[in-house]
Amino acid sequence: RQEGPIAEQLRRLAGSAPPSKLGAAAKCRSSAFEAFKQSAEQAQEERQLELKKAMDEYERRKKFGQEALRQVIVFKAARDSAREAFEAVRQDVDHQQRIIRELRMGIG
């Protein structure tokens, strides 16, 4: 197992230190590890919270987009229906005008 330079230095210092200092060093290392572990866990929780917020925003925008698309479809259907109704009325008016012209020609 290969150790880094800091671990080597600590090991050399531990070899020359009295036993009371070794216990303090071990406690210090343990508390440093715990602090690092808690910091890493907190950072992971923050990332998960950010991810959840991003997913919620995505879902909100997706629903908004689907609603907008639904409204466009409804509008286009209403527009097509209005066009059909207008065309039917126009044809009816054309038919009535033709009848009026034929009647006038028949009278005259």
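The values are calculated or read from the model by the stated rules, or taken from the named source; none is laboratory data. If you're wondering where the values come from, they're calculated on a predicted model, not measured in any experiment. Positions of Cβ are backbone-derived with ideal geometry, glycine not excepted, and every protein chain shown enters the neighbour counts. Heads up: the accessible areas ignore ligands, DNA and RNA and are worked out on the full protein's heavy atoms, side chains in. Shrake-Rupley method; radii C 1.70, N 1.55, O 1.52, S 1.80 Å.
Summary of values
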| quantity | calculated |
| --- | --- |
| Rg to Rh quotient for the stretch 40-89, alpha carbon positions, Kirkwood Rh | 1.53 |
| Accessible area of the stretch 40-87 belonging to carbon and sulfur atoms, whole % at 1.4 Å probe | 59 |
| Residues Ala77 and Arg98, FRET efficiency given R0 of 41 Å [Cβ-Cβ distance, rounded to 0.05] | 0.80 |
| Residue-span extension gain [Lys27 to Tyr58] - 0.36 nm each, minus C-alpha spacing | 6.5 nm |
